[in-house]
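The values are calculated or read from the model by the stated rules, or taken from the named source; none is laboratory data. Here the structure is a predicted model, which means the values were calculated and not measured. Don't worry about glycine lacking a Cβ; one is built from the backbone with ideal geometry, like all the others, and counts go over all protein chains shown.
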Amino acid sequence: MKILVTGGAGFIGSNFIHYWLKKYPTDSIVNLDALTYAGNLENLRAVENNKNYKFIKGDIGDTELINDAVKGVDLIVHFAAESHVDRSIMDSGDFIHANVEGTRVLLDAAKNNGRIRFHHISTDEVFGSLGLKDKPFNENTAYDPRSPYSASKAASDHLVRAYFHTYKLPITVSNCSNNYGPFQFPEKVIPLFITNLMEGKKVPIYGQGGNIRDWIYVDDHNAGVDAIIKRGEIGETYCFGGNCELTNLALTKKILKLMGRGEEMIEYVADRPGHDLRYAMDYKKAKNELGWAPKVKFKDGLIKTIEWYKNNKAWWQNIKSGEYKQYYKKNYFDRTGKSVRTIN
Ligand code: NAD
Ligand code: TYD
C-alpha cells in the first residue's frame, strides 16, 4: 500500500510514520508537509534513509502540487493542520488556509484521482466545552466549536463528510482528545512544562488551573487510526479518548512530582480568552466496532515522555532557540522559495 501522509513532520504525524513503518515495513509512505514552524524533519531522522519513505515539502493548499502528489496513492491520512489554540486566537488566517482550504484541495485531489481512500484526523474540540457534570462527547454530539482553531477543524470535518455524501469519496474521520508523547512541539502544555522545568523556569497555568482535558498517549491515538484504516466503516466517524480526565492543576502537580520540583514552580497567569472548561470522550463505538481502547496508563506515558525530553535536549533546545529553522534552510531548501525539493 502507498500512503500519502500530510503533516508528517509534526507531532502526531511523525509518530504515525514511525508506528506505521515499524508495523507495516513493506508499505510505502510519502510525507507531504509545508514545514511550518511546527514541522521538523528531525522528527523523521530514524526513517530518512528508509527506501519506503519519501518527503515532499509542500503546502496542502497548492492544487497543482497536491494533484501530482496523490498520483498512485492508495490512501491519504490527513494530519496537516495549524493546531495550536493560542495561535488561532492571535491570528486565524493560517488556520483557515491550512485546515479549511487545504482540506478542500486534498479532498478534490482525492476525488479527481480515482476516489482515493481518505482518513481525516480531527479533534474533540469541535464539540465545544462540557460542564463538569455533562456526559462525555460521542459521535452524535452536535458540533459547537468555540475557538478559531476548533471552528476551522469543524469546517474541515463537515467538508470531509460532504465529499462522502456528495461524491461517494471513501472517507473516515477520527476525533481524538489531547495527545502527549515524544516530538510534541514545546508550545503545548505538557512539553512546555517539562522543558521549562528542565530550564529552571516556572510553568504558567492559565486562570486557576481548573480546566479539564482528557489525555491520550500518541501511540494509542495512532493505533486507533490504524484500526480505522484496517477495519473502519467507510463514511463513519470514530471518537478516541484516553480515559484520563485531569484538571490542568492536577496535571501540573503530576509533572512537578515526577520531575522532583515543588509547587513554587507554578505561576498563575491570565486565562486564555474563551477557554473551554472541559473535554471528555466516550469511545464506546471505537471499542465495540474496532476493538480499540487506549492501552498506555497516564503515569507510564508521562514518565516515558519526560524521559524522552530529558534524552533529546538538543531537539527542543533548537526549537526554543529558533535554531532548527536555520538548519533546514541551509541544508535542504529555502522556505521562501516555491520549488519543492524531495529528500530521499
Ligand atoms: P502539529 O502542529 O505538531 O503538526 C502539524 C503539521 O502540519 C506540521 O508538521 C506542519 O508543518 C504541517 N502543516 C501545517 N500547515 C500545513 C500546510 N498548509 N500544508 C502542509 N503541511 C502543513 O500538530 P499535531 O499536534 O501533530 O496535530 C496533527 C493533527 O491532529 C491536526 O489535524 C490536529 O488538529 C489533530 N489533533 C491533534 C491533537 C493534539 O492533541 N495535538 C488532538 C486531536 C487531534
Ligand atoms: P494545550 O496544550 O494548548 O491544548 P488545547 O488547548 O488544545 O487543549 O492546552 C492544554 C490545557 O492547558 C488548556 O486547558 C490550556 C492549558 N495551558 C496552560 O494552562 N498553560 C499553558 O502555558 C498552555 C500552553 C496551556
**OP:** Among residues belonging to segment 96-111 that are within 11 Å of ligand 1 (Cβ to nearest atom) and buried (at least 22 other Cβ atoms within 10 Å of the Cβ), point out the one that is nearest to GLY72 (Cα to Cα).
**Re:** LEU106
Original post:
Quick one: which of LEU35, LEU65, LEU44 is among the hydrophobic types (A, V, I, L, M, F, W, C) and part of a loop (DSSP other than H, G, I, E, B)?
Top reply: LEU35
Original post:
When residues of segment 254-275 are filtered for being of a type outside the set (Val, Ile, Thr), within 14 Å of ligand 2 (Cβ to nearest atom) and out of contact with any helix residue (DSSP H, G or I) (no Cβ under 7 Å at 6 or more places or on another chain), how many remain?
Top reply: 6
**OP:** Return the pairs, sorted by first residue and then second, in which the second residue is aliphatic (A, V, I, L, M) and within 15 Å of ligand 2 (Cβ to nearest atom), the first residue lies in segment 85-101 and is closer than 18 Å to ILE121 by Cβ, the beta carbons are less than 6 Å apart, and the residues are 6+ apart or on different chains.
**Re:** ALA98/ALA81; ASN99/ALA81
Original post:
Which of (1) more than 16 Å from ligand 1 (Cβ to nearest atom); (2) within 25 Å of TYR37 (Cβ to Cβ) does ASN140 not meet, given it meets every other one?
Top reply: (2)
Original post:
In segment 281-300, how many residues are surrounded by 14 or more Cβ atoms within 10 Å (Cβ to Cβ) and under 18 Å from ILE190 (Cβ atoms)?
Top reply: 4
Original post:
How many of the residues making up segment 138-153 are within 16 Å of ligand 2 (Cβ to nearest atom) and buried (at least 17 other Cβ atoms within 10 Å of the Cβ)?
Top reply: 9
Original post:
Filter segment 181-202 for residues that are near ligand 2 (Cβ under 10 Å from one of its atoms) and out of contact with any strand residue (DSSP E or B) (no Cβ under 6 Å at 6 or more places or on another chain); which is farthest from GLU42 (Cα to Cα)?
Top reply: VAL189
**OP:** Could you check how many residues of segment 291-329 are farther than 29 Å from CYS239 by Cβ and at pLDDT 95 or above?
**Re:** 9
Original post:
Yes or no: TYR180 modelled with pLDDT of 95 or more, out of contact with any Cys (no Cβ under 6 Å at 6 or more places or on another chain) and farther than 28 Å from VAL296 by Cα?
Top reply: no
Subject >> Where VAL126 falls short, out of the listed (1) touching a Ser or Thr at 6+ places or on another chain (Cβ under 6 Å); (2) buried (at least 22 other Cβ atoms within 10 Å of the Cβ); (3) under 25 Å from LYS2 (Cα atoms) >> reply: (3)
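Residues are listed down the side, and each one gets a yes or a no for (1) under 28 Å from GLU187 (Cα atoms); (2) more than 16 Å from ligand 2 (Cβ to nearest atom):
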| residue | (1), (2) |
| --- | --- |
| ASP27 | no, yes |
| LEU32 | yes, yes |
| GLY58 | yes, yes |
| LEU65 | no, yes |
| LEU75 | no, yes |
| PHE79 | yes, no |
**OP:** Please indicate, with yes or no, whether at least one residue in segment 6-26 is assigned to a strand (DSSP E or B) and closer than 20 Å to GLY61 by Cα.
**Re:** yes
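Can THR6 be described as buried (at least 23 other Cβ atoms within 10 Å of the Cβ) and either touching a strand residue (DSSP E or B) at 6+ places or on another chain (Cβ under 8 Å) or farther than 18 Å from ILE116 by Cα (or both)?
On the way: buried (at least 23 other Cβ atoms within 10 Å of the Cβ): yes; either touching a strand residue (DSSP E or B) at 6+ places or on another chain (Cβ under 8 Å) or farther than 18 Å from ILE116 by Cα (or both): yes.
Yes: the conditions hold for THR6.
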Original post:
Counting only residues that are in a helix (DSSP H, G or I) and either among the aliphatic types (A, V, I, L, M) or within 20 Å of the chain's Cα centre (by Cα) (or both), which one in segment 250-280 is surrounded by the most Cβ atoms within 10 Å (Cβ to Cβ)?
Top reply: LEU251
Subject >> Residue under evaluation ASN288, criteria (1) at pLDDT 95 or above; (2) at positive phi; (3) out of contact with any helix residue (DSSP H, G or I) (no Cβ under 9 Å at 6 or more places or on another chain); (4) not hydrophobic (A, V, I, L, M, F, W, C), criterion not met >> reply: (2)
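From the list GLY114, GLY93, GLY131, pick out the single residue that is modelled with pLDDT of 95 or more, surrounded by fewer than 17 Cβ atoms within 10 Å (Cβ to Cβ), away from ligand 1 (no atom under 13 Å from the Cβ) and over 26 Å from ILE212 (Cα atoms).
Only one candidate qualifies: GLY114.
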Original post:
From the set of residues in segment 34-56 that are of a type in the set (A, V, I, L, M) and under 15 Å from the mean Cα position of the chain (by Cα), which is nearest to ligand 2 (Cβ to nearest atom)?
Top reply: ALA38
